[in-house]
Amino acid sequence: MSYGQRVRPLVRARLPTTPTAAAVLFGDLLVLFAVFAYGQSRHGYFFWEAPGRTALIIAPFALGWLVCGTLAGLFVPERLAQLSAGALVGTVLAAWIGGVAIGGVLRATAVLPGDSPLVFLLVQVIFGSLFLLPWRLAVRWRLPSGRTA
């Protein structure tokens, strides 16, 4: 059995493949949209004026969140239901910081608009956390312990 054949089921088990996990991911993407729409508005840009640019700004961070959230098991309802609130906060923060790091590296390329100064990345960590944590705690609160999707 090849390495890929052994790893594929492990990765697939952490991906948002159930309706509950897909709904959580959709909520995460709405939260990230809110973070970036708010940030753009503070700089005099509005997402409806340049929706393509907004998508390019959000995409690297959404991809980073998907990668790190998947690795942390944040799209597995059974795992979320078993985490305490404190453990969930730590896991979400670690995954978001990782997602911001990935997003920052991608945004620093010439392909995407903007750049990645350290201050911008720190603002993303802070504001993303302020938006993501209440959402994820609400999701955890709605999942009874032991619930399967």
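Read the figures in this text as sums done on the coordinates, not as results from a lab. This structure is a prediction, so every number in the text was calculated from the model and none was measured. Because the Cβ atoms are built from the backbone with ideal geometry, glycine has one as well, and the counts that use them run over all protein chains shown.
Computed from Cα atoms, the angle from the helix 118-142 axis to the main principal axis of the chain rounds to 40 degrees.
Over the chain, what is the mean sequence separation of C-alpha contacts under 8 Å (at least six apart), divided by residue count, expressed as relative contact order in percent?
For the chain, the relative contact order is 31 percent.
The listed peptides 108-117, 57-66, ordered by packing as a protection proxy, come out as 57-66, 108-117 (highest mean of other Cβ atoms within 10 Å first).
Would you mind getting me the FRET efficiency between His43 and Val67? Use the beta-carbon distance for r and R0 = 30 Å, nearest 0.05.
0.65
Using only Cα atoms, tell me the angle between helix 19-42 and the longest principal axis of the chain; keep it within 0 to 90° and round to the nearest 10. For helix 19-42, the angle is close to 20 degrees.
With each label modelled as a point 7 angstrom along the Cα→C-beta vector, the Ala55-Ala110 pair spans 2.4 nm. In plain terms, the chain from Ala138 to Val89 could stretch by 16.5 nm, reckoned as 0.36 nm per residue minus the Cα-Cα distance.
The modelled label-to-label distance between Met1 and Phe120, using points 7 Å beyond Cα along the C-beta direction, is 4.4 nm. For the peptides 128-134, 91-97, residues were scored by their other Cβ atoms within 10 Å and the scores averaged per peptide; the highest-first order is 91-97, 128-134.
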